[in-house]
1. Please find, among Met344, Met382, Met392, Met338, the residue that is open to solvent by 10 Å² or more (accessible area, probe 1.4 Å) and either among the polar types (S, T, N, Q) or in contact with a Phe, Trp or Tyr (Cβ under 8 Å, 6 or more places away or on another chain) (or both).
2. Quick check: anything in the stretch 300-308 closer than 20 Å to Phe218 by Cβ, open to solvent by less than 10 Å² (accessible area, probe 1.4 Å) and not charged (D, E, K, R)?
3. With (1) in contact with a helix residue (DSSP H, G or I) (Cβ under 8 Å, 6 or more places away or on another chain); (2) part of a helix (DSSP H, G or I) as the list, and Cys443 as the residue in question, which single condition is left unmet?
4. Restricting the search to the stretch 20-37, which residues are in contact (Cβ under 8 Å) with a residue 12 or more places away in the chain and either within 11 Å of Leu119 (Cβ to Cβ) or in a loop (DSSP other than H, G, I, E, B) (or both)?
5. For the condition among the aromatic types (Phe, Trp, Tyr), surrounded by fewer than 16 Cβ atoms within 10 Å (Cβ to Cβ) and within 29 Å of Ile88 (Cα to Cα), what is the one hit in Phe154, Phe226, Phe138, Phe174?
6. Has the stretch 210-222 got any residue that is closer than 30 Å to Ile99 by Cβ and among the aliphatic types (A, V, I, L, M)?
7. Taking Lys401, is it surrounded by fewer than 24 Cβ atoms within 10 Å (Cβ to Cβ) and touching a residue at least 40 places away in the same chain (Cβ under 8 Å)?
Amino acid sequence: MDINVAQLFQTINVNVIMPEIILSVLGMALLLVNVFIPSKSKVYLAWMSFAGIVGAGLVTASSWGTAAVSSFSGSVVLDNFGIFFKIIFLIAAGLAVLISDQYMEREDCNHGELYPIILFTTVGMMLMAAGTDMMTIFLGLELMSISLYVLAGFNRASVKSNEAGMKYFLLGAFSTGFLLYGMALIYGITGSTRFDKIIAVIGQAGAGSNPMLLSAMFLLLTGFLFKIAAAPFHMWTPDVYEGAPTPMTAFMSAGPKAAGFAVLIRLLIVVFPLMAVEWRDLLWILAVLTMTIGNFTALRQDNIKRMLAYSSIAHAGYAIVGLVAANPTGVSGILFYMLSYTFMNIGAFAIIVLVGKKGEPNGTVMDFNGLGQKRPALAAAMTLFMFSLAGMPPTAGFIGKFYIFSGAIQSGYIWLAVIGVLNSAASVYYYLRVIVYMYFKPCEQELDWVTVSTPVALALVIAGAGSLIPGIIPSVVLELAQKAVQLI
């Protein structure tokens, strides 16, 4: 028995999950720090969290370009694909931490456990991206989801926040049931939860002739489509995004969406390529529904957070187009787009944090009246983020959409690309509407409450650079995205 245990530990390569270990240890340490060093201001926890995220990012990036390494009996893998997504998660977490302190202080809910929960959420997303076993993915998914339920309802004094947390929890638990049922069916059919063994069994049995396998795949899709807020599994999104604290809305709109796509790419392109006819037809329809419902519902929104919630649904639709294409251009376009979306969306929410008042009574588009006159730097940053979200050159959002739609055309899905371009054109209206209110509407108030703390200023600089530089010099990020998808 001792020999077996020794042999088992010899086969474990801890370096495969070193970033996850760093964040987990840091999260537990911050919980203790918060208990033994109580303080009204929690900004020191924010800076410690940010420093830990940067450290984990450096460790993650140091493994780029090395040969793929699996560990823990093949349940996790360290490869370029997972590393690219882990960097996205760390960027989302870092920006969320930076914009949280000022907002939470204003709302009197700056509890010390906020930052460890963000770190644990990030660990869950990283496990999802690295997982090559159904159980590892489920472990990461539940760690991410439970943490997000808490973050959505973090403002205990707000009825909207409590409602957001409860609604997200109930609907999220319901979608997890579909996911688990699909995983159980996969295990029953193949006798394993590991990807490599599932692929071997599917290849021998012939995928298209097995109705049970088709059912399992569709159940798995249902669970993950809920996480990325794709239609018709999007109904939770506007209420949760509106009710959750704004920094947490920014975080959950970017990181979990990227984590869902990381798993979907591995599942569909690596595990279920023999069933591409079935899932491509389904995703074609869902991409059109998601883009159209998201954009045309956003046109009618006055509440800025609800508008960005429906915008987030539409952006999930654009990324699904890359899945339908299922070629190197489309898939690398998804990676580029998820990275760009993280910068531009969290940047936009950072401006909402600054313009908002306590209790967020001024959460409408009209409250941005005159921002260009009174706070020109903030208005310029918001303009950049809106242009990038709309996919206008020379922003990163334009390049991301260009490559996703190019991938669809290369695979013969010309009409899908046309519908995507038309949807993108329709979205320009509600993004430009914010710009019109900032520059062409009279300022009815002095905006004297708008102050920019150092962490938020740093977040805006990072988000602005990430929204603009990849649009001007896209080759660097695109080459990294293409290398990330080479193996899969």
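1. From the options Met344, Met382, Met392, Met338, the qualifying one is Met392.
2. Our first condition is that a residue be closer than 20 Å to Phe218 by Cβ; within the stretch 300-308, this holds for none.
Scanning the stretch 300-308, I find no residue that is closer than 20 Å to Phe218 by Cβ, open to solvent by less than 10 Å² (accessible area, probe 1.4 Å) and not charged (D, E, K, R), so the answer is no.
3. (2)
4. Glu20, Ile22, Leu23, Ser24, Leu26, Gly27, Met28, Leu30, Leu31 - these are the residues of the stretch 20-37 that are in contact (Cβ under 8 Å) with a residue 12 or more places away in the chain and either within 11 Å of Leu119 (Cβ to Cβ) or in a loop (DSSP other than H, G, I, E, B) (or both).
5. That would be Phe174, the only listed residue that is among the aromatic types (Phe, Trp, Tyr), surrounded by fewer than 16 Cβ atoms within 10 Å (Cβ to Cβ) and within 29 Å of Ile88 (Cα to Cα).
6. Checked against the condition, which is being closer than 30 Å to Ile99 by Cβ and among the aliphatic types (A, V, I, L, M), the stretch 210-222 yields no hits at all.
7. no
The rows are residues; the columns are (1) modelled with pLDDT under 90; (2) open to solvent by less than 50 Å² (accessible area, probe 1.4 Å).
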site	(1), (2)
Tyr168	no, yes
Leu180	no, no
Tyr187	no, no
Asn210	yes, yes
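The values are calculated or read from the model by the stated rules, or taken from the named source; none is laboratory data. The structure displayed is predicted, hence computed values, not measured ones. Cβ: placed from backbone, ideal geometry, glycine included. Neighbour counts: every protein chain shown. We work out accessible area using only protein heavy atoms, side chains counted, and drop any ligands, DNA or RNA first. Shrake-Rupley method; radii C 1.70, N 1.55, O 1.52, S 1.80 Å.
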